[in-house]
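Novice: Dumping the structure here so I can ask a few things about it.
The values are calculated or read from the model by the stated rules, or taken from the named source; none is laboratory data. All values derive from a computational prediction rather than experimental measurement. So basically every Cβ, Gly included, is an ideal-geometry build from the backbone, and we count neighbours across all protein chains shown. All accessible areas refer to the heavy atoms of the entire protein, side chains included, with ligands and DNA or RNA removed. Shrake-Rupley method; radii C 1.70, N 1.55, O 1.52, S 1.80 Å.
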Amino acid sequence: MKYCVLLCGLLQMQAVGLSAKERARLQADGVNISRSGDSVHVSFRLRVERLTKDYILRVTPLLYGKGGQHAVLPPLEYGSRMAQIVEWREKRVKEKRKSVSAYHKAGGTVAYTFALPYWEWMNGASLRLDAKSKGCCSEEMLPPVLLAADVALIAPVEQPVPVMSE
């Protein structure tokens with residue numbers, strides 16, 4: 001009877017430990033979205049914490065407008081060296097890749113900068129991060145992180161300069 005109670009207690013502790021698995025956490029600061037002529041510049045600093053060593057986290061910035069239009073920016077990838085090697089092997093088997101993704105270690109801050117052409121729908125757009133965690137045993141989408149909402153990208157109206165005749 002004593003062993004049965006001990007076994008039940010251990011099983012219960014294991015179940016609690018498995019359900020309390022921590023997710024990776026994204027932190028972004030220094031968010032800047034600005035328009036310069038006919039292009040939009042997006043920049044921020046991103047830090048990922050609590051990423052399990054055998055997992056890769058793919059973070060994709062997404063600029064989306066109110067009418068459903070959106071622009072997907074190039075993703076950032078985080079992961080350990082071992083997870084990176086496994087990912088490369090899987091990709092090499094599936095397809096011949098000409099470019100190699102840059103992986104960043106969790107805990108380090110990465111500066112992200114990208115410029116894209118300006119479209120009218122981008123005025124009042126929002127910027128969010130979509131993150132997908134992938135490992136040997138599971139794949140899950142993390143909740144999106146909103147970085148900026150309703151960004152005004154209208155070019156300032158030029159002030160007319162009065163012309164004085166001599």
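Novice: State the number of residues belonging to segment 106-142 that are among the small types (Gly, Ala, Ser), in a strand (DSSP E or B) and open to solvent by less than 30 Å² (accessible area, probe 1.4 Å).
Specialist: 4
Novice: Please go through (1) outside any loop (DSSP other than H, G, I, E, B); (2) modelled with pLDDT of 90 or more; (3) out of contact with any Ser or Thr (no Cβ under 6 Å at 6 or more places or on another chain); (4) not hydroxyl-bearing (Ser, Thr, Tyr) for Leu18 and return the number of the only condition it doesn't satisfy.
Specialist: (2)
Novice: Within segment 143-154, can one find any residue that is part of a helix (DSSP H, G or I) and either at pLDDT 95 or above or among the hydrophobic types (A, V, I, L, M, F, W, C) (or both)?
Specialist: no
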